Amino acid sequence: LEESMDIILEGSREQARHFNQRLKLPVTIVHALGVILPVMGLGMFPIVAVFLKVDASLLFVGYDIILPFVLYFTITNILEIRPATFSKIDMTDNPNVPPKGMFRMGGKMVKAWPIALISGMVVCLLGVFLYFNEVSSGNFEGIIPAVVITFGLALGFAIYYILISNQRLKLREDTRQIEKEFAEALFQLGTQVSGGMPLEASMENSMERMKNLKIKSLFEKALKNIKLLGFTFRQAFFDEKYGAIRYYPSKLVKSVMRTVVESSKKGVLVASAAMLSVSRYLKGV
């Protein structure tokens with residue numbers, strides 16, 4: 001019996017080793033193509049060029065055109081056959097996100113391109129003025145005017161993208177922080193519900209323990225929907241116009257809360273078990 005168990009265990013270990021090797025193989029290929037091959041190839045190319053008289057254009061085509069395309073398709077193929085472990089935050093449905101090409105200033109929506117255009121044009125005009133000033137003085141070099149004009153063009157694009165991205169990045173970071181705190185919030189709420197309390201009362205009681213967490217605002221909005229608008233537990237989160245989930249466009253939060261809402265239809269104890277199970281799973285992940 002002991003010999004049989006040893007054989008079974010040894011077979012399991014062998015299968016585990018093969019499985020680990022299969023998982024590591026795609027990463028090894030990417031590492032070889034993206035790191036080892038460029039380093040070794042660039043080190044050996046001068047020798048190859050001297051003895052075989054290889055033109056430098058071959059290096060350019062191989063390393064700057066062919067290799068990036070090969071790497072891109074290799075990495076894309078590897079990622080497509082692996083299970084997803086990262087959820088993208090979709091900001092399009094968030095009512096606090098400014099429309100495309102605009103940003104919020106003092107409660108009003110303002111277009112970003114006029115501000116960026118004026119800022120860039122001012123600096124470019126300064127460069128043009130310096131150019132004509134050098135030409136008229138006879139001391140023409142053209143370096144400083146060219147730098148100023150280039151900086152003006154770059155400044156215009158930079159200001160535009162900073163204005164339209166800054167507020168969106170803040171909302172995305174808040175949503176990402178809520179995802180990190182979601183497991184703790186579910187545990188607190190599930191603990192309250194496990195005592196047999198109604199979901200609304202459990203949400204209100206768990207607010208005290210979430211007062212230092214950003215995710216508190218999600219449950220506050222849902223609780224206001226229940227108290228002021230008379231929504232059900234499902235409507236408080238998933239109503240198309242006033243649902244609390246709209247302000248936190250996270251696939252993780254939406255999926256988990258949809259599971260909790262469906263579980264609550266079978267009773268508070270089932271909902272509590274679902275919350276605690278998902279909380280343990282998220283902490284483990």
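The values are calculated or read from the model by the stated rules, or taken from the named source; none is laboratory data. Quick caveat, the model's predicted, so the values are computed rather than measured. Neighbour counts run over all protein chains shown; Cβ positions are idealised from the backbone, glycine included. Note: accessible area is taken over every heavy atom of the protein model, side chains too, but ligands, DNA and RNA are not part of it. Shrake-Rupley method; radii C 1.70, N 1.55, O 1.52, S 1.80 Å.
Overview of values
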quantity: Scan of the range 29-64 for residues that are more than 30 Å from the chain's Cα centre (by Cα) and of a type in the set (F, W, Y), ordered by number; calculated: F45, F51, F60
quantity: Given (1) at pLDDT below 80; (2) surrounded by 15 or more Cβ atoms within 10 Å (Cβ to Cβ); (3) more than 30 Å from G156 (Cβ to Cβ), number of the condition I89 does not satisfy; calculated: (3)
quantity: Checking F219 against (1) over 26 Å from K251 (Cβ atoms); (2) without any contact (Cβ under 8 Å) to a residue 60 or more places away in the chain; (3) in contact with a Leu (Cβ under 8 Å, 6 or more places away or on another chain), the condition it does not meet; calculated: (1)
quantity: Selection count where residues are under 16 Å from F238 (Cα atoms) and open to solvent by 20 Å² or more (accessible area, probe 1.4 Å), scope the range 201-222; calculated: 3
quantity: Flag if S279 is within 22 Å of Q177 (Cβ to Cβ), within 23 Å of the chain's Cα centre (by Cα) and surrounded by 20 or more Cβ atoms within 10 Å (Cβ to Cβ); calculated: yes
quantity: Residue in the range 182-191 that is out of contact with any helix residue (DSSP H, G or I) (no Cβ under 8 Å at 6 or more places or on another chain) and either modelled with pLDDT of 80 or more or open to solvent by 30 Å² or more (accessible area, probe 1.4 Å) (or both) present; calculated: no
quantity: Hits in the range 148-181 - residues which are in contact with a Cys (Cβ under 7 Å, 6 or more places away or on another chain) and either open to solvent by 60 Å² or more (accessible area, probe 1.4 Å) or not hydrophobic (A, V, I, L, M, F, W, C) (or both); calculated: G152, L153
quantity: Criterion (on the phi < 0 side of the Ramachandran plot and surrounded by fewer than 16 Cβ atoms within 10 Å (Cβ to Cβ)) met by exactly one of P145, P198; calculated: P198
quantity: Leading residue by the ranking (farthest from G34 (Cα to Cα)) among those in the range 52-61 that are in contact with a helix residue (DSSP H, G or I) (Cβ under 8 Å, 6 or more places away or on another chain) and either surrounded by 10 or more Cβ atoms within 10 Å (Cβ to Cβ) or hydroxyl-bearing (S, T, Y) (or both); calculated: V54
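Here is a yes/no grid of residues against (1) of a type outside the set (F, W, Y); (2) modelled with pLDDT of 85 or more; (3) touching an Asp or Glu at 6+ places or on another chain (Cβ under 6 Å):
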{"residue": "V48", "(1), (2), (3)": "yes, no, no"}
{"residue": "V54", "(1), (2), (3)": "yes, no, no"}
{"residue": "Y63", "(1), (2), (3)": "no, no, no"}
{"residue": "I66", "(1), (2), (3)": "yes, yes, no"}
{"residue": "F69", "(1), (2), (3)": "no, yes, no"}
{"residue": "L79", "(1), (2), (3)": "yes, no, no"}
{"residue": "R82", "(1), (2), (3)": "yes, no, no"}
{"residue": "T85", "(1), (2), (3)": "yes, no, no"}
